[in-house]
Amino acid sequence: MLELLLTFVVFFNPFYQGNEILLPKPEKFGKVSIEETLSKRRTIRNYSKEPIQLKELGQLLWAAQGITSDEGFRTAPSAGALYPLEIFIVTGNVEELEDGIYRYNPSKHSIIKISSGDKRKQLADAALGQEQIQTAAVNIIITAVLKRTTWKYGERGKRYVHIEVGHAAQNVMLQAEALGIGVCPVGAFQDEKVKKLLSLNEEEPLYILTVGKK
Ligand SMILES: Cc1cc2nc3c(=O)[nH]c(=O)nc-3n(C[C@H](O)[C@H](O)[C@H](O)COP(=O)(O)O)c2cc1C
């Protein structure tokens, strides 16, 4: 029955265009001050079974890499505005979204499906079995194409990319706090296993953010 309902939502929803799903427009105004989110932000590893809404997922992705100007500048700063980051998600409990692996497309504020099915256990296995990855409603994986930055800045470009990952991750953590959503940043994982699971080519996985309702 649930599968039938999901099929209906997928095929008759105007926001679905093949493998691409347009995300709801991000909010530019919120109810919580930046000072409050800074003072309350905490790493959260225990999540309830309540799903994340598609709008909330979209808001978090926008916080990570959303486009905020006509010139193409984004929510997070980028050395030389070269934007080396690519965001992937591994979902398991997002309302109105089939479980799977998706890539965020900032230019259309959409997600593009890479593969179907709940892959949270495989992702957890690639991260020393950390349980919060499996219980998270969604895992956000921040990856980077290093050469987008190193062609201009050489070796130092690598440092810039790593700094940028921190900018994007902190944006997500603060946005999540403002929405009452819990996040755990995860740096302990095996790169090759994550690359294989996400079918990455030139992207290097650098950070995982596990996300779920508190
Ligand atoms: C670069 C980095 C890597 C981290 N990796 C992990 C991790 O693999 N697993 C985990 O449970 N927490 C991880 N954390 C979360 C820290 O344990 C957490 O930030 C720290 O205990 C401070 O708590 P707070 O974030 O609530 O202030 C990581 C944090 C950072 C900044």
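Considering only the stretch 121-137, I want to know if a residue exists there that is hydroxyl-bearing (Ser, Thr, Tyr) and within 13 Å of the chain's Cα centre (by Cα). There is no residue in the stretch 121-137 that is hydroxyl-bearing (Ser, Thr, Tyr) and within 13 Å of the chain's Cα centre (by Cα). No other residue among LYS31, LYS119, LYS108 is touching a Gly at 6+ places or on another chain (Cβ under 8 Å) and either over 22 Å from THR210 (Cβ atoms) or among the basic types (Lys, Arg) (or both) apart from LYS119.
Do you know which of the residues in the stretch 155-214 that are free of Cβ contacts under 8 Å to residues at least 40 places away in the same chain and of a type in the set (Asp, Glu) is nearest to the ligand (Cβ to nearest atom)? Here the answer is ASP191.
One residue stands out among those in the stretch 178-214 that are touching a helix residue (DSSP H, G or I) at 6+ places or on another chain (Cβ under 8 Å) and in a helix (DSSP H, G or I): the one that is farthest from GLN53 (Cα to Cα), which is LYS193. Of everything listed in (1) under 19 Å from CYS184 (Cβ atoms); (2) in contact (Cβ under 8 Å) with a residue 60 or more places away in the chain; (3) of a type in the set (A, V, I, L, M, F, W, C), the single unmet condition for ILE89 is (2).
Inspect all residues belonging to the stretch 133-150 and state whether any of them is touching a helix residue (DSSP H, G or I) at 6+ places or on another chain (Cβ under 6 Å), within 14 Å of the ligand (Cβ to nearest atom) and part of a helix (DSSP H, G or I). Scanning the stretch 133-150, I find at least one residue that is touching a helix residue (DSSP H, G or I) at 6+ places or on another chain (Cβ under 6 Å), within 14 Å of the ligand (Cβ to nearest atom) and part of a helix (DSSP H, G or I), so the answer is yes. Here ALA79 clears all of (1) crowded, with 19+ Cβ neighbours inside 10 Å; (2) away from the ligand (no atom under 16 Å from the Cβ) except the condition numbered (1).
A short reminder: the numbers here are calculations on the coordinates, not readings from a lab. Every value quoted in this text rests on a predicted model; they were computed, and no experiment measured them. Note that we place each Cβ from the backbone using ideal geometry, even for glycine, and neighbour counts take in every protein chain shown.
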